[in-house]
Amino acid sequence: MLAQPQVFEVIVVDDCSTDLSTKKLASIVDSRLVVHKNEKNMGKGASIWRGIKLAKAEYLVIQDADLEYSPEEYSRLLAPLVDGRADAVFGSRFLTYEARRALYYWHRLGNNFLTTLSNMLTNLDLTDMETCYKVMKTEHAHKLNLQENRFGVEPEITAKLARMRIRVYEVPISYHGRTYAEGKKITWKDGFRAIYCIVKYNLPPQK
């Protein structure tokens, strides 16, 4: 990430990792690197919100640490924002222009279902609502006020961006997914939570 010319800062949220992440981060000498360590394991959504609140750059890219998504594609993701066409950009794994690892068919089917349900309620025509690569103006990210601690954060972000009535674009990305043996953590329970979140965060706000 630090090797990409567009990067102004890299905010790493260590969610109580038990590997050598903390030690490796300490060995990196770069003024652009900001490391926050959660006092207890909070989950993906809570860690994303922590990182967003620390962000200072004009644009914000959400990047999973497993590198299923390549930082080398930042220029593609940022182009519609920098050109003034978009306020947020989703990187779609299903509009791929390059290599995409063929993994779990039922995950793809579940993703299509969740994306379609989300589209019906947000009226956004997305192909990959569950993508990690959600890129946006930081000023919009700071308004999200995220509540979900786990993977429900993806439909929550989508619903709240849609409610802002901002310009949302999609760009194709490559994807190098992991198997469960390689550390993938999302389960069928997260799928049911996603359905709940799609409905919850698309309901009209209570007065």
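The values are calculated or read from the model by the stated rules, or taken from the named source; none is laboratory data. Since we're looking at a predicted model, the values are computed, not measured. Here the Cβ positions follow ideal geometry from the backbone for every residue, glycine too, while neighbour counts run over all protein chains shown.
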Report task. With the condition kept exactly as written, say whether any residue in region 42-55 is modelled with pLDDT under 95, over 13 Å from the mean Cα position of the chain (by Cα) and under 25 Å from Arg150 (Cβ atoms). Result -> yes
Report summary line: Of the residues in region 1-21, those that are surrounded by fewer than 15 Cβ atoms within 10 Å (Cβ to Cβ) and either over 21 Å from the mean Cα position of the chain (by Cα) or hydrophobic (A, V, I, L, M, F, W, C) (or both) come to Leu2, Ala3, Phe8, Cys16, Thr18, Asp19, Leu20
Query raised in the report: Which condition number does Met120 fail, the rest of (1) of a type in the set (A, V, I, L, M); (2) farther than 27 Å from Asp15 by Cα; (3) modelled with pLDDT under 95 being met?
Result: (3)
Query - Scan of region 56-70 for residues that are closer than 21 Å to Glu170 by Cα, modelled with pLDDT under 95 and touching a strand residue (DSSP E or B) at 6+ places or on another chain (Cβ under 9 Å), ordered by number - result: Glu68, Tyr69, Ser70
Report task. Please identify the pairs in which a residue from region 10-32 that is under 21 Å from Arg50 (Cα atoms) has its Cβ atom under 9 Å from the Cβ atom of a residue that is of a type in the set (Ser, Thr, Tyr), counting only partners at least 6 apart or on another chain. Result -> Val12/Ser21; Val13/Ser47; Asp14/Ser21; Asp14/Thr22; Asp14/Ser47; Asp15/Ser47
